[in-house]
Structure formats: C-alpha cells, structure tokens
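A.B. asks: This is the structure, below, for whatever I ask next.
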Amino acid sequence: MLKKHLTIIAAGLFLATLALPAQAQEVKRDDMPMPTVNQDTLMKFVKELSSETYQGRLAGTKGYNRAARYAKNVLKTYGLEQIDEMPFAVECNEVENAKFNVYRHGDKERRVFTLGNEFCCAGVTGRGYVDAQMVFCGYGIDDKDFDEYKYVDVKGKIAIVLTGVPEWLGLPQSVASHYTTLRDKARTAEKHGAIGMLAVNVSPTCPSYEVQARTYCGELPHLGTFPMLQITLDCAREIMADQVKPLDSAIAYMQRDREVQSFSLVKWAEIDVNAIYNPTARTTNVYGLLRGSDKYMAEEYIVIGASLDGSGMQGETCLFPGADINASGVAAVLETARLLSKADYRPRRSVLFVLFSGGEQQFAGSRRFVELYPQLGKAEAFINVQNIGYGDSVTVLGGVKYPTLEGIVFDRDTVTGRLNVVRNGEPQGVRGDARAFDAAKIPSVVITTTRGMHHNHTTTDVWENIDRRILTISSQLVTETVAELGDGLYQGRNRRWLQPQK
C-alpha cells in the first residue's frame, strides 16, 4: 500500500513540474553556474594547430587544408549541425627554399645568413637568382618632394628599403599609400631598374633580432621574377656597419633633416629564391551550427569566429607556428563549442561557430562568409577572438560603436572578477574579421589582449610561449559572453521572439 502511495505522489510531482510556467523553469536554468573552460583542452588545441603537421597553416596549402579538416572533425564530435566548408580562392606563394649571402666585391669570403633566423621571404616574393651590388634607398619613396632614387643608380642592383612610411615625412595619405606595402616598394624599385629588394623590418612591434612574416604584401600584379627578402633590423645593421653611413645614422639623419640619405654600398648580395606561386589556390572556411533550445529564439543567431590560417613555412627551417596568432583564438572557439553543445548549457538562441581562412590576406575568408552564408540576416551579434594567448590584459575592440554588446562582455567580467578587462576607446571600432560583419550591420566586437604583439608572425610564436593563465581566463570570458548572448535578453537587431509566433 505504501509503495502505491509513493508512486502516486511521485507521478503527481512529475505532472506538477510539467505544469510549471516556462518562466519558473527559466529562472532555475538562469541560476545555473556558467560552463568552465578546461586549460588542458585549450592547450591541446593550441599545441596541435601550431605543430609542424600543419606547416604554419598558410591559406591555399596542404598544411592549411589539414588544419581545416582537423577543426571540422573536432566540431563533428560535439554533435553540431550543418558542419560544412565554404571554399574560395586565394593568392598563395609557397617558398621551397631561399639563400642570402653578402660579400665585398672580389672577396671569396661570404657572410651566409640563415633563413628563419636572420631573414625570410616576403609572402609574395618572386622567384629567381640575383647577384649584384646593394644600394640603400631609405623608405623606397620616389615622390617629387622626397625622391630617394634621384641621386643613386639602382639599375641591375639590389635595393635596400625600410618597411612602412614614417609619419614625420608628412606625405599626404594619397601619396603615402603608394609605398605602404612590400609590393608597392618593389614595384617602385623595379621601375628604377632594380632586380631585387631587401626590406628592413623597422616595425616597433617586432624585436630587432626577430624574423617577421608579411603574408599580405599588397595588391596585384605579381612580380614573378623579382626576389623580395625581409631581413631583421640587426641583420641590416651588420651589413651597413662599415659603410658610408651605418643604418641607424642614416635613419637619424633622415628624421632630423628630412633629407634623402640614399647611397651605394661597397658590398654585393647573392639571393636565390625558389617559390611556387598560385594566384587562385583553393582554401576554405569551416563552420558548424549549434541549434538553439528555444522554439522561437532558435531562429536567431549568435556568431563566434576566429582566423584559422597563419603565415606558413618557408623551406625546411623557417616555420611560423602561429600559436598565439591565431591558434589561441581558434582554441577558444572550439572550447566554447564543446561546452555549449552540452545539454545543460545549450543556449536558447542558435550559435554559429566559424573558422575563417584568408585572415592573413586582408581577412578574405570573413568577407566571403558574410557574402555567401544564407542565414546571416538572422545574426544578432558577432564575437571575434584574436590573439588571446599572450599579453598583459584583455581588451574589447568595437565598444565605441556597439556599447551594448561591449557591456555584455564587461558584465561577465564583473560577475567573474577574473580579468578587469581594459576599456578601449579607439574610434576606428572593430578590426580583423569583425570588419566584414560590421559592414553588414551586424553588431560586432573583438576580444583580444593588450601588449600581446611580441611574437606576432614570428618563428617564436610557439605553444611554449603561450601564457596559459591569460589564455584560460580570456577563453572563459569568451565562452560566458557567447552563453549570455545566446541565453539572455540581449537584443541586437531583431525582436521577433518577444512576440508569440503562429
């Protein structure tokens, strides 16, 4: 008899639970703790993607395609829907080997520089062999008000130029834009008869001893037989130490006097580059959809994405692992997918996880995705994750334009008390892959780190240099932000779910 009464009571409690208003059930769900990221899982993703297996993940190469398959298989294990690829074409240049030697004309002894240690090739270097005298040409500018080719002869020679265009020069933007990329400088040098170019990396974000890749080198056309090397600042200092002017002196005189400091060296360089160029190499975005748990809100999307590609590998010694840029961001996306796909944490809104190719080529993949993905009109917000494995703090870009979305991120940080996220008041708004979504009027922010550029695009961007603490707490912030956007009352563009639909 007692057993019968207990059965009746249990059944009644079960029916009562079913009869609870939806709001009461939601309160119980909202009281649940946020999912917690696993540091070991994050590091597993970073180690895997930055290994030699994927050869730096250069878009358009077999290494990148292997990385895309790996990420796709990971998403499949989480039970996501619509896991697919979005192929498109990119410019791809694979450097098989490169040689760079310097010597005094007539001497047999040569200073042999090491690929990956003291120099690397520009992303779209031409192939070929040159052996010629070197000429220092400043920033490689030939404007009528500052012509660095006017008093030197570079015909049949190798031009040495500095990267970038200095602000102190005061060139109008319309003029300066012609000399900003390595291809721009190479075209200018070739126009004056040069047969090759050495670009000295003077970027303040790169140490003087570090090789730094530049995958994107400017717009077409491709200079197929014009070798372009990037040399470290220390390498250039060594080459010019015993010349008419040492490198630092030449730069100082230019800045002080605003006068051209071009001159010929009494040294020759031997450059040999073997590169395979493909203007339409195949690459692909990878994405997967986590269907929302709410009948109405599932028709709206929160998008989270990161660039999967990197700077690749040159020869057998020059690997750009890309652990921080951007295996760290990819790890956060995959870990968020793992956690939110669990039944207890599945958001009410749908979440679209995207890994873009072409991030190193003006973010071609995100632009392609926004152009082609059919349901993007239902996207309420885009969270972009970039470089969260190194730095001293976390910041949010895009908050000036999208303060409500930024507020969600800061609210999560206030709740956790882990990060003390730095507010960023940059007026230009979003960067990177978020630009394409912003252009499509989808509220977008970028979660990244401050002062975390030390290993950007260098051979030292290895998993051993990842700061596990900042990777973990940044990823936790990413996961909680996406969970809050998917489950909370945030309104990006649509309000359909507030009204019962027939």
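The values are calculated or read from the model by the stated rules, or taken from the named source; none is laboratory data. In this text, all values refer to a predicted model and were calculated from it rather than measured experimentally. Because the Cβ atoms are built from the backbone with ideal geometry, glycine has one as well, and the counts that use them run over all protein chains shown.
A.B. asks: In the list Gln212, Gln243, which residue meets the criterion of being under 20 Å from Met453 (Cβ atoms) and of a type in the set (S, T, N, Q)?
C.D. replies: Result: Gln212 is the single residue among Gln212, Gln243 that is under 20 Å from Met453 (Cβ atoms) and of a type in the set (S, T, N, Q).
A.B. asks: Related question: Return a yes/no flag: does region 154-166 have any residue that is touching a strand residue (DSSP E or B) at 6+ places or on another chain (Cβ under 6 Å), of a type outside the set (Phe, Trp, Tyr) and under 23 Å from Leu58 (Cα atoms).
C.D. replies: The answer is yes; a qualifying residue exists.
A.B. asks: Collect the residues in region 470-502 that are at pLDDT 70 or above, assigned to a helix (DSSP H, G or I) and not β-branched (Val, Ile, Thr), keeping them in residue-number order.
C.D. replies: Matches in region 470-502: Leu471, Ser474, Ser475, Gln476, Leu477, Glu480, Ala483, Glu484, Leu485, Gly486, Asp487.
A.B. asks: If you take the residues of region 282-301 that are within 21 Å of the chain's Cα centre (by Cα) and buried (at least 19 other Cβ atoms within 10 Å of the Cβ), which of them is farthest from Lys378 (Cα to Cα)? Give the steps one after another, and end with the answer.
C.D. replies: Within region 282-301, the subset within 21 Å of the chain's Cα centre (by Cα) is 282-288.
Next, from what is left, pick out any that are buried (at least 19 other Cβ atoms within 10 Å of the Cβ): 283-288.
Numbers: Thr283: 26, Thr284: 23, Asn285: 20, Val286: 19, Tyr287: 16, Gly288: 16 Å.
So, considering only residues that are within 21 Å of the chain's Cα centre (by Cα) and buried (at least 19 other Cβ atoms within 10 Å of the Cβ), the one farthest from Lys378 (Cα to Cα) is Thr283.
A.B. asks: Condition check: within 25 Å of Asp272 (Cα to Cα), among the small types (Gly, Ala, Ser) and touching a helix residue (DSSP H, G or I) at 6+ places or on another chain (Cβ under 8 Å). Does Ala122 satisfy that? Steps first, answer last, please.
C.D. replies: Details: within 25 Å of Asp272 (Cα to Cα): yes; among the small types (Gly, Ala, Ser): yes; touching a helix residue (DSSP H, G or I) at 6+ places or on another chain (Cβ under 8 Å): yes.
Criteria met by Ala122.
A.B. asks: Something else now. Output the number of the condition that Asp461 fails; it satisfies all remaining conditions of (1) at pLDDT 90 or above; (2) assigned to a loop (DSSP other than H, G, I, E, B); (3) in contact with a strand residue (DSSP E or B) (Cβ under 7 Å, 6 or more places away or on another chain).
C.D. replies: Only one criterion in (1) at pLDDT 90 or above; (2) assigned to a loop (DSSP other than H, G, I, E, B); (3) in contact with a strand residue (DSSP E or B) (Cβ under 7 Å, 6 or more places away or on another chain) is unmet by Asp461, namely (3).
A.B. asks: Given (1) within 26 Å of the chain's Cα centre (by Cα); (2) not in a loop (DSSP other than H, G, I, E, B), identify the lone condition not met by Asp248.
C.D. replies: (1)
A.B. asks: Among the numbered conditions (1) surrounded by fewer than 20 Cβ atoms within 10 Å (Cβ to Cβ); (2) within 30 Å of the chain's Cα centre (by Cα), tell me where Gly123 comes up short.
C.D. replies: (1)
A.B. asks: Kindly indicate whether Arg187 is without any contact (Cβ under 8 Å) to a residue 40 or more places away in the chain, assigned to a helix (DSSP H, G or I) and farther than 25 Å from Ala252 by Cβ. Write out each step before concluding.
C.D. replies: Numbers: without any contact (Cβ under 8 Å) to a residue 40 or more places away in the chain: yes; assigned to a helix (DSSP H, G or I): yes; farther than 25 Å from Ala252 by Cβ: yes.
Considered against the rule, which asks whether it is without any contact (Cβ under 8 Å) to a residue 40 or more places away in the chain, assigned to a helix (DSSP H, G or I) and farther than 25 Å from Ala252 by Cβ, Arg187 comes out as yes.
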